[in-house]
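Structure, as structure tokens:
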2 protein chains.
Amino acid sequence: MKIENTRHSLSHLLAAVVLKKFPDVKLGIGPVIENGFYYDFLLPRSLAPEDLKDFEKEIKKLISQKLSFTIKKIAIAEAKKIFKDQPFKLELINEYTREKRPLSIYKTGDVFIDLCAGGHVKNSGEINADAFKLTSIAGAYWRGNEKNPQLQRIYGVAFENKKELNEYFKRLEEAEKRDHRIIGKKLDLFIFSDLVGKGLPLFTEKGSIIRRELERFIVEEEIKRGYKHVYTPEIARVELYKTSGHYPYYKDTMYPLMKIDEDELILRPMTCPHHFQLYSYKPRTYKELPIRIAELAKQFRYEKSGELTGLMRVRTFCLADAHIILAKEQAENEIHEVLNLIEFVTSKLGFHKETDYRYRLSLGDRKNAKKYYKDDKSWNLAENVLRKVLKERKSPFFEAQDEAAFYGPKIDIQMKNFLGKEDTAFTVQYDFVMPKRFNLTYIDKGGQKKEPIVIHRSSIGAIERTIAFILEKYAGALPLWLSPVQVKILNITERNQKYSESIYEKLRETDIRVELDDANKTIGKKIRDAELEKIPYILVVGDKEEKTGTVAVRQRGEGDLGSQKLSDFLQKIQKKITSKE
Amino acid sequence: MKIENTRHSLSHLLAAVVLKKFPDVKLGIGPVIENGFYYDFLLPRSLAPEDLKDFEKEIKKLISQKLSFTIKKIAIAEAKKIFKDQPFKLELINEYTREKRPLSIYKTGDVFIDLCAGGHVKNSGEINADAFKLTSIAGAYWRGNEKNPQLQRIYGVAFENKKELNEYFKRLEEAEKRDHRIIGKKLDLFIFSDLVGKGLPLFTEKGSIIRRELERFIVEEEIKRGYKHVYTPEIARVELYKTSGHYPYYKDTMYPLMKIDEDELILRPMTCPHHFQLYSYKPRTYKELPIRIAELAKQFRYEKSGELTGLMRVRTFCLADAHIILAKEQAENEIHEVLNLIEFVTSKLGFHKETDYRYRLSLGDRKNAKKYYKDDKSWNLAENVLRKVLKERKSPFFEAQDEAAFYGPKIDIQMKNFLGKEDTAFTVQYDFVMPKRFNLTYIDKGGQKKEPIVIHRSSIGAIERTIAFILEKYAGALPLWLSPVQVKILNITERNQKYSESIYEKLRETDIRVELDDANKTIGKKIRDAELEKIPYILVVGDKEEKTGTVAVRQRGEGDLGSQKLSDFLQKIQKKITSKE
């Protein structure tokens, strides 16, 4: 027996009990969905959670009555007669008629008839009464059209058995714990404001600490690896993007033009053409290559409001962006270097190849000259270089047709979220088009003018999205170096106030992010509060600690570590912070 | 005798010698300007610098001929006859006629006649032939209108004596040395790009280092002083600025609206309303105040293209901005704290009160309710608080009427540039209007809802402008901690290559910004190059240094300091860098 039949039959039973309670109800439709079902109703009043409890009880009664589910083909006239008081059903009947689709009804014992093509259980007794649940009520326009009446939709879930149902709720609970939007609110990391606008997050002090740590980490690391970190403006004349060719390709996701004097300015959707200006303002020679121009670059893309998702999908973001300009023959080595950097960065953030992400080789389509710059030879060469690098690294990867940029193929780092869904976190793109468009050149060993290629890459991605990934990965319990508050000091009694303050000052002087909870609460409550805030280290100080000049250390996830000298504790966590453990 | 007469007479002598060389020349006008004069000509060919030399020689001849300057009133008909071949003069004659202004001509001996009202020297012999110079040639439209023909304008300067002329050129040379636009180019710090747009600087790697150092310095310092550093988006719905009241007041300097779905977005001209969102998203109590919300905030203002000046006046800038929300009775103390911070920051940058800057108390106008929010009591209170603070500090300050913000009075930090011209570098504003508009509140000790006030302030100003000030202050020779390259290593011969590389690596490991000049050049040339780049420390390594394991240190401005152990040198400069000496 298929679980879908159970779910579908439950939607009929739901309609049956709603009809019993509200004889005037106008019935919408009741299909099977992932994990369960729903049914739409036009009702004389708004439903409350208690109604769902009632309905569940009534459904269980119908299940125990072992009602048969039987199908019957019927003629149009008969159908119209049966559903004469159901305008939505009549609308469907008319539509079926126009489309010349056969009509059938399903009878559930003698308590309910629905216009339906199946499939169903044969008998309601087959349904496990302990393995379903009505979960929520939501508004839904008839047929999804906002010009139609708004109905009330009741959602339910159903499984083969109670164990599966429980597992489902556990997964859901996990999602609640790991959804970065919920964590962000609980830990006070970022907000959205209606006045500021959709998809435009504002980072609080705590969220900003995470962001600043990530930004400094990547800037330091990239400079160490030979990148030149620059600042370029967030706006430019649209001519810049016409020259690059982005404008026609990405126009729909760019912001509107702003007319200033004789110029049309636009918020930048990407940074590459800005960086090319910083390459070509003076002559370059082979000795300087590769030139790696990097920036924490604010970018602006129009995303449909329905697609905006917390920090994961926003309308402005800060990309750790870079454009490496180099000789063609340097490409292979440099792509290895870029992937080394990405693997280093991801591992510092706690993401691991294979378990958390995998590589995707995104290829072009030689036949689609509209979507991809026409230059078969360069496409072949570029795709082969990327493929060769991935093979040499022995990294698991898969190839995806028709996923390249218009200017060349790319390697995408596909990150899995806590639900297993994949999203592109960073990319490494091979570009043989922009150097032509921006007339980028260098003088080679022989004194000849040559055309370089460009690698577009991001190392830590869009900071906003990366924060979302990290929050979900750690369910908010961030590594020490990223924690907005690293240590919280709790005094047991007022007697220990001065001592706790002296410890607070000592930690502050060493640049550790520390808070002191000296409120008038029990120590148990203070510990619970600090744990909810996911603070890595809690220092409890009472009479005993004060007398011995120590602190009682509680480590997140480890519990009570006992008393330590402050200097020992300090040394240990400073080492951890520096090494970004 | 007025110097203006000399300058004016020189412009006639210039016209006389040009006419002699180009008999077909069409004469424009030749007025006196600051430090000298110019004359406009329509000529059959472009002038070259050598022409100016010729003209100078010829003018000197005319001076030695002691030609008389004599005025004569003339009738319209006579004037038209005299200037029958001079269309620009005829245009002027017609205009004078229409405006019923009297006509007069000036005769210079019998070599030149000009339509002119004076004043002049009586005799060219009065002019000091050693105290003038023709300085440059530029294009200029007739009467400044680009629809008219373009003329060639010859500029000259003239003074009472040779000493004054020399002093003028010395001042000019100083300006050349200190103009941040020239320094920026010479030291490769920032560029502008036509494709990107006017007033939108792009910072190179080196310029970005200065910027990053300043940004990190101020963020660290402010966090130490209890500021919450945040990140908020560069765009917002225009409703945000309608709520704040900025939109009507500053509309002309804001960028155009961008329509996105049902919203109108705008690039932010200031950050305050963003920060208010981060205040008011949760209830606040008196215990939390003052709340200091700070940001390195990108802001966007439309400046007329004629007013754009290097980094001093741009169309987008990054302001070290903050908004302090506090109880009214905390204002005095907090303004002292803000001025303490500003004085700390300026002194770290090498600017000193009285010599480099002074305070301006900018007041409102109770009678102008259109320009200033109407609330006389609050204006009086606020102005008195600011005045009291300035008096308590015993800082020299002056008061300026009608220079306040629409929401309250302010203290401006007026910075002098190398020419003595004053510009506002930072401001501290007292605001009693925004809390009403954004409904900002806090719960006071007695449990009552109260309205706070806001202090808007900047500590290090707009980073771009501050960089301009610093570059001009130091003529590019930046303090060690701000220098893009702190140490340059020069090897004397190829034999010392390995040794110089080992020193380079050691310095790099300690995060000192170091370059190695191992090119095939003489050591003298290498030193000169490094000095032109204004590098603070030059390490010369040759056989002697290699043998003794030392480096020969040259300090900028101090010269040769002799040989030192690398570890001693390192220790010394690391200390200097850390203390930002």
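Using the Cβ of B:Ser362 as centre and a radius below 10 Å, the other residues enclosed give a net charge of -3, where K and R count +1 and D and E count -1. Only the Cβ atoms of Lys and Arg (+1) and of Asp and Glu (-1) were treated as charged; on that basis the dipole of the protein assembly as shown about its Cα centre amounts to roughly 1160 debye. Among the protein heavy atoms, those of A:Arg301 account for about 70 Å² of accessible surface (1.4 Å probe, every chain in place). Taking every DSSP beta bridge with both residues inside segment B:480-579, roughly what % is antiparallel (nearest 5)? Given both bridge residues lie in segment B:480-579, the antiparallel proportion sits at roughly 55 percent. With an a/c value of 1.5 or above and a/b not larger than b/c for the gyration tensor axes a ≥ b ≥ c computed over the alpha-carbon atoms, segment B:329-380 is described as oblate.
Rounded to the nearest 100 Å², what's the accessible area chains B and A bury against each other, both chains counted, probe 1.4 Å? Approximately 5200 Å², summed over both chains.
Here the calculated FRET efficiency for A:Tyr286 and B:Lys565, from their Cβ-Cβ distance with R0 = 51 Å, stands at 0.85, rounded to the nearest 0.05. Here B:Lys259 is the anchor, and the aspartates and glutamates within straight C-alpha reach of less than 17 Å, apart from those fewer than 8 places off in the same chain, are A:Asp194, A:Asp252, A:Glu264, A:Glu303, B:Glu234, B:Glu239. Annotation for B:Arg387 and A:Lys547: the two label points, set 7 Å from Cα along the Cα-Cβ direction, are 6.2 nm apart.
Using the Kirkwood radius over C-alpha pairs as Rh, can you work out the diffusion coefficient of segment A:480-579 via Stokes-Einstein at 4 °C, viscosity 1.567 mPa s, in µm² per second? Taking Rh from Cα pairs, D becomes 98 µm²/s. For segment B:168-211, the equivalent ellipsoid built from the Cα gyration tensor has semi-axes of 24, 14, 7 Å, listed from largest to smallest. Based on C-alpha pairs under 8 angstrom that are at least 6 apart in sequence, chain A has a relative contact order of 10 percent. Taking each residue as 0.36 nm, the span from B:Glu126 to B:Glu307 lengthens on full extension beyond its C-alpha to C-alpha distance by 61.2 nm. Estimated from helical segments only, the mean residue ellipticity of chain B at 222 nm is -11500 deg cm²/dmol, where each DSSP H run of four or more residues counts as -39500 (n - 2.57).
Ligands, DNA and RNA aside, B:Asp252 has an accessible area near 130 Å² when probed at 1.4 Å. When the listed pairs A:Lys242/A:Lys449; A:Lys228/A:Lys282; A:Lys348/A:Lys576; B:Lys526/B:Lys580; A:Lys61/A:Lys170; A:Lys348/A:Lys394 are checked against a 18 Å cut-off, the alpha-carbon distance exceeds it for A:Lys242/A:Lys449; B:Lys526/B:Lys580; A:Lys61/A:Lys170; A:Lys348/A:Lys394. Kindly express, to the nearest 10 degrees and within the range 0 to 90, the angle between helix A:162-178's C-alpha long axis and the longest C-alpha principal axis of chain A. Tilt of helix A:162-178: around 40 degrees. Taking all protein chains together and rolling a 1.4 Å probe, B:Asp51 ends up with roughly 10 Å² accessible.
Computed over protein heavy atoms with a 1.4 Å probe, the carbon and sulfur contribution to the accessible area of the protein assembly as shown reaches 49%.
Residues whose amide H comes within less than 5 Å of that of A:Phe190, counting only those at least five positions distant or on another chain, are A:Thr204 (H built at 1.01 Å from N in the peptide plane). Charge tally around B:Asn94: other residues with Cβ under 15 Å, Lys/Arg +1 each, Asp/Glu -1 each, net +4. Any chance you could check the Cα centroid distance between segment B:290-335 and segment B:1-68 for me, in angstrom? Centre-to-centre (Cα) distance: 49 Å. The angle between the Cα long axis of helix A:523-532 and the longest principal axis of the Cα atoms of chain A comes to about 90 degrees, rounded to the nearest 10. Per-residue accessible area (protein heavy atoms, 1.4 Å probe) orders A:Met312, B:Met258 as A:Met312, B:Met258, starting from the largest.
Model label sites at B:Lys575 and B:Thr253, defined 7 Å from Cα along the beta-carbon direction, differ in position by 4.6 nm.
For segment A:196-202, the Karplus equation 6.51 cos²θ - 1.76 cosθ + 1.60, evaluated at θ = phi - 60°, returns couplings of 6, x, 6, x, 10, x, 10 Hz by residue, with Gly and Pro reported as x. Considering only alpha-carbon pairs that sit under 8 angstrom and 6 or more positions apart, the relative contact order computed for segment B:2-172 is 29 percent. Sequence-ordered 3J(HN,Hα) estimates for segment B:95-109 from the Karplus curve with 6.51, -1.76 and 1.60 and θ = phi - 60° stand at 5, 4, 4, 4, 7, 6, 8, x, 9, 8, 10, 10, 9, 10, x Hz, glycine and proline given as x.
Show me, for segment B:369-374, the HN-Hα J-couplings you get by feeding each phi into the Karplus relation (A = 6.51, B = -1.76, C = 1.60, θ = phi - 60°), rounded to Hz, glycine and proline as x. Whole-Hz 3J(HN,Hα) from phi for segment B:369-374: 6, 7, 8, 10, 3, 7. Only Lys, Arg, Asp and Glu carry charge here, each on its Cβ (+1 for the first two, -1 for the last two); on that basis segment B:480-579 has a dipole of about 220 debye about its Cα centre. For B:Glu399, the residues whose modelled amide H falls within less than 5 Å of its own, excluding neighbours fewer than 5 places apart on the same chain, are B:Leu361. Of all beta bridges that DSSP places with both ends in segment B:382-515, some 90 percent have antiparallel geometry. Subtracting the Cα-Cα distance of A:Asp365 and A:Glu505 from 0.36 nm times their residue separation leaves 44.2 nm of extension gain.
Mean sequence separation of contacting Cα pairs (under 8 Å, at least six apart), scaled by the length of segment B:209-313, corresponds to a relative contact order of 35 percent. A DSSP coil position with no more than 16 other Cβ atoms inside 10 Å describes the following GluC sites (Glu not before Pro) in segment B:77-160: B:Glu99, B:Glu146, B:Glu160.
Of A:Lys377, B:Lys133, B:Lys298, the residue with the largest accessible area leads and the full order is A:Lys377, B:Lys133, B:Lys298 (1.4 Å probe).
Protein heavy-atom accessible surface, 1.4 Å probe, per residue over segment B:480-579: 53 Å².
To the nearest ten degrees, helix A:331-349 and the longest principal axis of the Cα atoms of chain A are 60 degrees apart. Segment A:481-516 and segment B:154-196 have Cα centres lying 55 Å from one another. Mind running the shape call on chain A? Use the C-alpha gyration tensor, a ≥ b ≥ c as the square roots of the eigenvalues: rounded below 1.5 for a/c, prolate if a/b tops b/c, oblate otherwise. Cα axes put chain A in the oblate bin. Each other residue within a Cβ distance under 11 Å of A:Ala331 adds +1 if Lys or Arg and -1 if Asp or Glu, for a net charge of -3. Residues of segment A:222-264 whose accessible area (probe 1.4 Å, heavy atoms of protein chains only) drops by at least 40 Å² once all protein chains are present, relative to their chain alone: A:Lys228, A:His229, A:Tyr231, A:Pro233, A:Glu234, A:Ile235, A:Arg237, A:Tyr255, A:Pro256, A:Met258, A:Ile260, A:Asp261. Scoring A:473-479, A:418-424, B:265-271 by mean Cβ neighbours within 10 Å over their residues and listing the highest first yields B:265-271, A:473-479, A:418-424. Once backbone amide H atoms are built at 1.01 Å from N, A:Tyr141 has A:Leu151 as its partners under 5 Å, excluding neighbours fewer than 5 places away on the same chain. Once both labels are positioned 7 Å from their Cα atoms along Cα-to-Cβ, the gap between B:Leu90 and A:Asn94 label points is 8.5 nm.
The values are calculated or read from the model by the stated rules, or taken from the named source; none is laboratory data. Quick caveat: nothing in here was measured; it's all calculated off a predicted structure. Heads up, the Cβs are rebuilt from the backbone with ideal geometry, glycines too, and the neighbour counts pull from every protein chain shown. Quick note on the areas: whole protein, heavy atoms, side chains included, nothing else; ligands and nucleic acids left out. Shrake-Rupley method; radii C 1.70, N 1.55, O 1.52, S 1.80 Å.
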